[in-house]
Amino acid sequence: MAREFYRSDRVGEELQRTLSEVIRDKLDDPRFRFVTITEVKLTRDLSHARVFFSTLDDTDHEEVVQALSRATGFLRGELGRRLVIRAVPQLHFEYDETLEQGQRLRTLIDDAIAEDRHRADDDSD
């Protein structure tokens, strides 16, 4: 069965692209230099958007959430000017831990493989 595409999905994708551009081009704050918007999830009525982000450096994530939250008014104004939607949703920023979780999982797998190889080498002696 084909997946249904909801309006909230399409609007979320457009919000993601536009927010990424605005943060990159309009916000002159070093904390946002390595911020990437990874996903935007909208409520069905499009009134609230959960904006997930990741960073490519070791910037304090809570500090970035607070800074983005303080810039919400500016960001919503820019979204209103750039997008053709009736009402710009309230923005709620959350750190996306997917990359860190993936890295931890990768490390665990690599460690398990190395341990198995070590045991196999010990058993063959």
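May I ask you to derive the relative contact order of the chain, considering only C-alpha pairs under 8 Å and at least 6 residues apart, and to give it as an integer percent?
RCO, the chain: 23 percent.
Give, as ranges by residue number, the residues of the range 91-106 whose backbone N falls under 18 Å from the point 7 Å along Cα→Cβ of Arg17.
none
Would you calculate a helix-derived [θ] at 222 nm for the chain, using -39,500 (n - 2.57) for each DSSP H run of n ≥ 4 and dividing by the full residue count, to the nearest 500?
Only helices count here, giving -18000 deg cm²/dmol.
Convert each backbone phi in the range 53-65 into a coupling constant with the Karplus relation 6.51 cos²θ - 1.76 cosθ + 1.60 (shift: θ = phi - 60°), then list the ³J(HN,Hα) values in order as whole Hz, x for Gly and Pro.
9, 10, 10, 9, 10, 9, 4, 5, 5, 5, 5, 5, 4
Using the Cα gyration tensor of the range 7-97, with a ≥ b ≥ c the square roots of its eigenvalues, what is the shape: rounded (a/c below 1.5), prolate (a/b larger than b/c) or oblate (neither)?
Note, shape of the range 7-97 comes out prolate.
Of all beta bridges DSSP finds with both residues in the range 7-97, what is the antiparallel percent, to the nearest 5? Write out the running numbers ahead of the final one.
Details: 7 of 13 bridges.
Just about 55 percent of them are antiparallel.
Using alpha carbons only, how many degrees (0 to 90, rounded to 10) separate the axis of helix 98-124 from the longest principal axis of the chain?
Long axis of 98-124 versus the principal axis of the chain: about 10 degrees.
From Cα pairs below 8 angstrom and at least 6 apart in sequence, can you work out the relative contact order of the range 40-95, rounded to a whole percent?
Value for the range 40-95: 51 percent.
What ranking do 30-38, 100-108, 55-63 get when scored by the average of other Cβ atoms within 10 Å per residue, highest first?
30-38, 55-63, 100-108
If packing is taken as the average number of other Cβ atoms within 10 Å across a peptide's residues, how do 13-24, 83-94 rank, most packed first?
Per-residue mean Cβ counts within 10 Å order the peptides as 13-24, 83-94.
Bear in mind that the values in this text are calculations on the coordinates, not laboratory data. Note that this is a predicted model, so its numbers are computed, not measured. Every residue, glycine as well, gets a Cβ built from its backbone with ideal geometry; the counts of neighbours run over all protein chains shown.
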